[in-house]
Amino acid sequence: MTKFTSYINVLLITVMVSSMLIGCDSGSETSLSENSIIYCSEGSPETFNPQLITSGVTVDATSKQLYNQLITFNAIDNAVSPSLAKSWHVTRDNKRITFYLRKGVNFHHTQYFSPTRELNADDVLFSFNRILDTKHAFHQVSGGKYPFFQSVGFSNLIDSIEKINDYTVRFNLKRADSSFLANLATDFSVILSKEYAEQLIKSNQPELIDNYPIGTGPFKLKEYRTGSFIRFVPHEQYWDEKTTLSQLLFDITPSNTGRLTKMLAGECDIIAYPIAQEKIRQVKNLSLDQVTAFNIGYLGFNTTRFPFNNKLVRKAVAHAINKQAILDTVYFGDAEGESAKTIIPPSSWAYDNSIKEIEYSVAKARELLEQAGVEKGFTIDLWAMPVQRAYNPDAVTMAKLIQADLNQIGIKVNIISYKWQEFLRRLALGEHHAVLLGWSADHPDPDNFFTPLLSCSSAITGTNRTFWCNKAFDQIIQQALITTDIQERKTLYRQALNILYQELPLFPIAHSKRFQARTNKIKGKLLNSFGGIDFNGVTKN
Amino acid sequence: MLIFTLRRLSLFVFTLLLLTLLSFSLSFLFPGDQVTNISGQLNASPEHLEMVAAQYGKHESIFIQYWRYLTHLFQGDFGISMASQLPISEEVLNHLPATIELSSVALLIAMLVGIPIGFIAAIHHRKVTDNIILSFAMIGYSIPIFWLGLLAILIFSIQLGWLPSAGQISLVYEIEQRTGFQFFDILLSDSPYKWQAFQNASAHILLPACVVALAPATIFIRLARTAMLNVLETHYIKAAMAKGLNYRQIIFRHGIRNSLVGVIRDVGLQFANLVTLAMVTEVIFSWPGIGSWLIESIYQRDYTAIQGGLLALSSFIFIVHILTDFIYASLNPLAREVHHGSR
């Protein structure tokens, strides 16, 4: 009897202790996790220096957390606003831009680096010369590729960068370019520490500069385990408003279902790119954030070939397409996309509210076709891009819907798709009649939509797949680049959008959205319509 | 006991040799260059690769190549992982402790639950309780583990929200890695949140450990039941009954102790089964153990990791077997007389 009871006792005690361990968990755990945010991200960053990449995963993990730029985009209308530079001055000819740096900006103090001085002009020079000067000691470290800066032609644009004094830097440009400021404000144009670089040269480990980052941002890197997690802690001497968090963790979870499970089980506070959005909406303590991204998915017409060299035919096709059906099928209602009225998204400052949606009307389409006087029953080749992009998750399905729509007005559609490289090569040759394609902006300056997509020069270099070249339109967008007066630029872009509405070289379909799910304990704005996520200003509880 | 030890050791050595032979031949069977497969040097310059080839005796006879391979192994050099370019030995040491932790906790749960239930079934032999327990054991043994794991996550993590579904510990707790064993590391750390971290880690291990434990527990139920039934049939039990001891005294004084001896031996045999189950479970619960690492290596065609991982894992299981054999032999003198390393 005694042995039996003692055995039972041991069992009971084990069960009680283990249940206590778990029971206590929910109660007392809050003290540490209260101020820590776990963000379940979709992949590992390739590096900790956004100058070197264009991938969204890396930008999310680094740009706004570890670094600052000279200037930044404000969250409301994406206009350029001060950051490390407290003000700037642009000469009348737009060729010289002088930045006045903020004083008292500190770099991260970490286990591997202790800064002895504050940010000054040398750091700015170092950060940009690393990109521009091919003979710079750090240019070739980490491969010597700076894809964003190469794509905007940075080295052809900048003549020189001068240090006027410790807190003043001047950029001398070879020609005027009002999108230059926007380029400096992107997530890629971060400021690194020159002092840290010099220390690394001395210890003969220059390659560490991009893996053990030192910046001026609101967080600093504590620990990174590849494929597993990133641990950030607050930067105590941050120059702007400091974060209230005690830790920021990126839990790297590449599997979509894995992230969803962790969210539902309460192991993540925020997850990137959630699936099963309906389910998340139903759960009481979770909410879904969305933001319309700076991109556009469109149907482009080859304006150099029959039948789309006739603008009436283009308009007829636009009226015949049931855009709502496309949004419902390809973008899952308004779950992943927002109907596009023109090429720029509504959150851009150049957007014109007066532009109307092209209405879906088969009757009007037939009427326009008759006006155009083309013979009935012609066939077109519609090219559907073979890859998935945020702005067009499924081009082939979209093409099939358009095929059915156009059949109603007597146009036969052949859907054509090649492998991506082949597709692009043949597109550049202009073999298509119409194409389903899209564009993601590199920075929120509206010019990044107009010039690459529809200017005469890009019709030659290849990003303008409609081959549309309108002299009046070209003049307007060039003029808009020369001036820096925002009101004047707004008026000019309004005119440009109006020409597009009249001429319709492409039919805008949708701007895709970016999503993220979070528990209701998390407050603050994380997603921006442009660029990476930003944890500064995000709080818990 | 000396002869017993020697026999076990020779068995150990020969099994290891066979294992290394298998892993050595894998480097020829995998696609790609043999030296690259065996060393993991993917981005090496031609000169460096030539040096590695010379080290492994690439230009000499196959026996010398095998011998060179063995020398590398004995120096603890398993090559480097093709995926992470870290030494395999380091990767194994990083991942093995998590698996040992999970398997040990699972084994403990399986024993604590399975053996007593098996005894209860034996005591109520051929009664309703016995039948219920046996059918439960049958069902538990038949459930595929990946399905059970998903089901457990669905119920306990998502629906009820009681237990976490992934990982060893919440990332919030910063535990410095010293021994590699999470629980020891937590106790050794000087974090002010030590106790919270310990609770959190316990909550994390509970669900995967229970999932791993289910199948072995059902085996223990049946083993303990058979062992107890055998003991109850013996003459000394009958003698004890004749002397007038009551049933409870018979079970606790004689039955349990004598039937446990039979079960202990099978605990060791179950360990191999347990580690296999743990490997699958690790993937489902994102447990950073050697199983999920090995399966990830298979996905990434990381041949060096597959060879080294297999070798390390099988030697580990084998060592555990031999250890339980020794424990069993010291508990039960009769077993020492069994020859030829078999039962």
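The values are calculated or read from the model by the stated rules, or taken from the named source; none is laboratory data. Note that the coordinates shown come from a computational prediction; the quantities given were computed from them, not determined experimentally. Cβ atoms come from the backbone with ideal geometry, glycine included; neighbour counts cover every protein chain shown.
Might you let me know whether segment A:397-415 holds any residue that is at pLDDT 90 or above, in contact with a Leu (Cβ under 6 Å, 6 or more places away or on another chain) and closer than 30 Å to A:Ala480 by Cα?
No: segment A:397-415 contains no residue that is at pLDDT 90 or above, in contact with a Leu (Cβ under 6 Å, 6 or more places away or on another chain) and closer than 30 Å to A:Ala480 by Cα.
If I filter segment A:502-538 down to residues being of a type in the set (Ser, Thr, Tyr) and at pLDDT below 90, which single residue comes out as farthest from A:Ala434 (Cα to Cα)?
That would be A:Ser529.
Are any residues in segment B:113-142 in contact with a helix residue (DSSP H, G or I) (Cβ under 7 Å, 6 or more places away or on another chain) and under 27 Å from B:Val320 (Cα atoms), and if so, which ones?
Within segment B:113-142, B:Val113, B:Gly114, B:Ile115, B:Ile117, B:Gly118, B:Phe119, B:Ala137, B:Gly140, B:Tyr141 qualify.
Checking A:Lys242 against (1) among the charged types (D, E, K, R); (2) more than 11 Å from every other protein chain (Cβ to nearest Cβ); (3) surrounded by 19 or more Cβ atoms within 10 Å (Cβ to Cβ), only one condition comes out false. Which one?
(3)
Filter segment A:305-352 down to the residues that are among the acidic types (Asp, Glu) and farther than 30 Å from A:Arg489 by Cα, then identify the one that is surrounded by the most Cβ atoms within 10 Å (Cβ to Cβ).
A:Glu336
Going by the conditions given, is A:Ser142 among the hydroxyl-bearing types (Ser, Thr, Tyr) and either in a helix (DSSP H, G or I) or within 22 Å of A:Asn211 (Cβ to Cβ) (or both)?
Answer is yes for this residue.
Go through segment A:90-107 and give me each residue that's more than 17 Å from A:Lys174 (Cα to Cα) and out of contact with any Leu (no Cβ under 8 Å at 6 or more places or on another chain).
A:Tyr100, A:Lys103, A:Gly104 - these are the residues of segment A:90-107 that are more than 17 Å from A:Lys174 (Cα to Cα) and out of contact with any Leu (no Cβ under 8 Å at 6 or more places or on another chain).
Taking segment B:105-135, which residues are within 30 Å of B:Gly291 (Cα to Cα) and surrounded by fewer than 15 Cβ atoms within 10 Å (Cβ to Cβ)?
Of everything in segment B:105-135, just one residue is within 30 Å of B:Gly291 (Cα to Cα) and surrounded by fewer than 15 Cβ atoms within 10 Å (Cβ to Cβ), namely B:Leu108.
Could you tell me whether A:Glu375 is exposed (fewer than 10 other Cβ atoms within 10 Å of the Cβ) and either modelled with pLDDT of 90 or more or out of contact with any strand residue (DSSP E or B) (no Cβ under 9 Å at 6 or more places or on another chain) (or both)?
So A:Glu375 fits the description; yes.
Which one is nearest to the chain's Cα centre (by Cα) among residues in segment B:103-152 that are small (Gly, Ala, Ser) and farther than 21 Å from B:Glu282 by Cα?
Checking each candidate, the answer is B:Gly114.
Of all residues in segment A:267-283, count the ones that are within 14 Å of chain B (Cβ to nearest Cβ), crowded, with 19+ Cβ neighbours inside 10 Å and either out of contact with any Ser or Thr (no Cβ under 7 Å at 6 or more places or on another chain) or aromatic (Phe, Trp, Tyr) (or both).
Matching residues across segment A:267-283 total 4.
Could you tell me how many of the residues in segment B:154-164 are assigned to a loop (DSSP other than H, G, I, E, B) and in contact with a Gly (Cβ under 9 Å, 6 or more places away or on another chain)?
Residues that pass the stated criteria total 2.
Please find, within segment A:254-266, the residue that is farthest from the other protein chains (Cβ to nearest Cβ) out of those that are among the hydrophobic types (A, V, I, L, M, F, W, C) and within 20 Å of A:Ser36 (Cβ to Cβ).
A:Met263
Could you tell me which of the residues B:Ser191, B:Ser202, B:Ser157, B:Ser170 is surrounded by fewer than 17 Cβ atoms within 10 Å (Cβ to Cβ) and assigned by TED's automatic domain parsing to the domain that holds B:Gly262?
Going through B:Ser191, B:Ser202, B:Ser157, B:Ser170 in turn, the sole match is B:Ser191.
Report, by residue number, each residue of segment B:76-127 that is assigned to a loop (DSSP other than H, G, I, E, B) and within 14 Å of chain A (Cβ to nearest Cβ).
Those that are assigned to a loop (DSSP other than H, G, I, E, B) and within 14 Å of chain A (Cβ to nearest Cβ): B:Ser81, B:Ala83, B:Ser84, B:Gln85, B:Leu86.
Of the residues A:Tyr167, A:Tyr212, which is modelled with pLDDT of 90 or more, more than 14 Å from chain B (Cβ to nearest Cβ) and within 27 Å of the chain's Cα centre (by Cα)?
That would be A:Tyr212, the only listed residue that is modelled with pLDDT of 90 or more, more than 14 Å from chain B (Cβ to nearest Cβ) and within 27 Å of the chain's Cα centre (by Cα).
I'd like to know if segment B:134-144 contains one or more residues that are over 30 Å from B:Glu233 (Cβ atoms) and in the same structural domain as B:Glu282 (by TED's automatic domain parsing).
yes
Condition check ((1) part of a loop (DSSP other than H, G, I, E, B); (2) facing another protein chain (nearest Cβ under 8 Å); (3) among the small types (Gly, Ala, Ser)) across all residues:
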| position | (1), (2), (3) |
| --- | --- |
| B:Ser135 | no, no, yes |
| B:Trp147 | no, no, no |
| B:Ala152 | no, no, yes |
| B:Val172 | yes, yes, no |
| B:Ile175 | yes, no, no |
| B:Phe183 | no, no, no |
| B:Asn200 | no, yes, no |
| B:Leu206 | no, yes, no |
